[in-house]
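**Student:** Have a look at this one before I ask anything.
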Amino acid sequence: MFRATLRRRLPVGLTLLVAPLLVLSTPHVASAAETRDRADAGAGWVGRALDDDTHLVTGQFGPDYGQTADAVLALSAAGVGRGTARAATRALQAHVLDYTGGGDTNEYYAGPFAKLLVVAAARRTDPRSFGSSIRADLVGELRGLECGPRRPGCAATDRGRFSDISQFGDFSSMFSQSLAVLGLARATAAGPSQASVRYLLSQQCDNGAFPETLGAATCTASVDATGYAVQALVTVGTPAARDAAAEAGRWLVRRQHANGSFTGNGTRNANSTALATQALDALDRTKRAGEGRSFLRSLQATCGAQPALRGSVRYSRTDAGDRVLATAQAVPALARVTLGEVTSAGSVRGLPRLAC
């Protein structure tokens, strides 16, 4: 059976008293300033990667709001860096228009709205008042991007799809569809529309996987897209959604390599493995998820690495890649927390460093 309840942390002071009773039910506990817990160490590294002044991830081209959202989810999943996650969330609230429309009030991007909604749910923040900008109502804005009664003019085959309104084209994908469905399931009483769930289900390939590109003539399976879709469908929880998620899980199992890794973009990498591992956790495929975590830990910088890198996760065995993105996406999988479960409840202060 799929998990029906969220995993929650215990207060630090109670951990030693009850640990013997919780070996099977509590996979992750809070950490002190130094830790041997790989998820906590990774989250601490991600938290220190945020800019001290803006509290955002800053990349080559300036603030990266998407990676900042990933960092918030990582800190929340690990249950550390309470103040850092709060500051980063406030920074995102101050830049909703920048993230969801590139600063242009005529541009509306479904993916960013969806990811912010997942952040709001995780941080237990009002999703209809996420900051004070004209786009603070994430729920209303996202529902306005769903093809259907509120947005006529879409193709009949796109009913239920969350798609962009942009002069540059529509870049919505399985990632944005899954995050939108998952976010609405978590953040609203009504949940996602039946049409949006049906549209998600309609994109499933014959082999059980999900593609990144929506509505394509050929269904090209993707580990990353399947990882997101499974987490969304398990969160929705209807019989049809559960059946589809289970079928997708069987496809993931067939795609897992002997060392626990998964391939994306032609490379066995941390990001794809993390998403697949979260999906396997959501499906209670504990053994396979554990194998995925083993691969992620093999990519994590430990005591033999430079102190500044300890706790971070590289993209692959041969390419360090974007360590911030790889680590932020790996941490929830290392913490055994899915996107349908991640919450700030029980978070503690501080950004742990790997004990060496």
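**Student:** Take segment 299-356 and flag every residue that is of a type in the set (Lys, Arg) and crowded, with 18+ Cβ neighbours inside 10 Å.
**Tutor:** So in segment 299-356, the residues of a type in the set (Lys, Arg) come out as 310, 314, 317, 323, 336, 349, 353.
Result: Arg310, Arg314, Arg323, Arg336, Arg353.
**Student:** For segment 249-270, name all the residues that are among the polar types (S, T, N, Q) and surrounded by fewer than 18 Cβ atoms within 10 Å (Cβ to Cβ). Break it down stepwise before answering.
**Tutor:** Of segment 249-270, the ones among the polar types (S, T, N, Q) are 256, 259, 261, 263, 265, 267, 269.
Residues satisfying the conditions are Asn259, Thr263, Asn265, Thr267.
**Student:** If I filter segment 177-190 for residues that are in a loop (DSSP other than H, G, I, E, B) and without any contact (Cβ under 8 Å) to a residue 40 or more places away in the chain, do I get at least one hit?
**Tutor:** Keep residues of segment 177-190 that are in a loop (DSSP other than H, G, I, E, B), which gives 188-190.
When the remaining residues are screened for being without any contact (Cβ under 8 Å) to a residue 40 or more places away in the chain, the result is 189-190.
Checking segment 177-190: at least one residue is in a loop (DSSP other than H, G, I, E, B) and without any contact (Cβ under 8 Å) to a residue 40 or more places away in the chain.
**Student:** Could you list, ordered by first residue, the pairs with Cβ atoms under 7 Å in which the first is in segment 281-296 and over 15 Å from Gly227 (Cα atoms) and the second is of a type outside the set (D, E, K, R) and open to solvent by 10 Å² or more (accessible area, probe 1.4 Å), at least 6 apart or interchain?
**Tutor:** Correct list of pairs: Glu291/Gln256; Phe295/Asn259; Leu296/Leu334.
**Student:** Ok, one more. Residue by residue through segment 148-185, note down the ones that are in contact with a Cys (Cβ under 7 Å, 6 or more places away or on another chain) and not hydrophobic (A, V, I, L, M, F, W, C).
**Tutor:** Step one: list which residues in segment 148-185 are in contact with a Cys (Cβ under 7 Å, 6 or more places away or on another chain), which gives 154, 158-161, 163.
The answer is Asp158, Arg159, Gly160, Arg161, Ser163.
**Student:** Need a quick list: helices (runs of 4 or more DSSP H) entirely within segment 28-112 having at least 2 residues that are under 19 Å from the mean Cα position of the chain (by Cα) and closer than 15 Å to Gly131 by Cβ. Don't jump to the end; show me each part of the working.
**Tutor:** Numbers: elements: 38-49, 65-78, 82-93, 96-101.
Fully inside segment 28-112 and qualifying: 65-78, 82-93, 96-101.
**Student:** Another one. Which members of segment 207-233 meet the condition of being among the polar types (S, T, N, Q) and outside any loop (DSSP other than H, G, I, E, B)? Let's see the steps before the verdict.
**Tutor:** Here is the first cut: in segment 207-233, the residues among the polar types (S, T, N, Q) are 207, 213, 218, 220, 222, 226, 231.
Across segment 207-233, the qualifying residues are Ser222, Thr226, Gln231.
**Student:** Can you work out which of the residues in segment 142-151 that are open to solvent by 40 Å² or more (accessible area, probe 1.4 Å) and in contact with a helix residue (DSSP H, G or I) (Cβ under 7 Å, 6 or more places away or on another chain) is modelled with the highest pLDDT?
**Tutor:** Our first condition is that a residue be open to solvent by 40 Å² or more (accessible area, probe 1.4 Å); within segment 142-151, this holds for 143, 149-151.
Now narrow it down to the ones that are in contact with a helix residue (DSSP H, G or I) (Cβ under 7 Å, 6 or more places away or on another chain): 150-151.
Details: Arg150: 90, Arg151: 93.
Selected residue: Arg151.
**Student:** Do we have any residue at all in segment 279-287 that's among the charged types (D, E, K, R), under 30 Å from Gly237 (Cα atoms) and surrounded by 23 or more Cβ atoms within 10 Å (Cβ to Cβ)? Reasoning before the result, please.
**Tutor:** First, pick out the residues of segment 279-287 that are among the charged types (D, E, K, R): 281, 284-285, 287.
Filter once more, keeping what is under 30 Å from Gly237 (Cα atoms): 281, 284-285, 287.
After this cut, where a residue has to be surrounded by 23 or more Cβ atoms within 10 Å (Cβ to Cβ) as well, the list is 281.
Yes, because at least one residue in segment 279-287 is among the charged types (D, E, K, R), under 30 Å from Gly237 (Cα atoms) and surrounded by 23 or more Cβ atoms within 10 Å (Cβ to Cβ).
The values are calculated or read from the model by the stated rules, or taken from the named source; none is laboratory data. None of these values were measured; they are calculated from a predicted model. Glycine gets a Cβ as well: all are built from the backbone with ideal geometry, and neighbour counts include every protein chain shown. The area values use the complete protein model at the heavy-atom level, side chains included, leaving out ligands, DNA and RNA. Shrake-Rupley method; radii C 1.70, N 1.55, O 1.52, S 1.80 Å.
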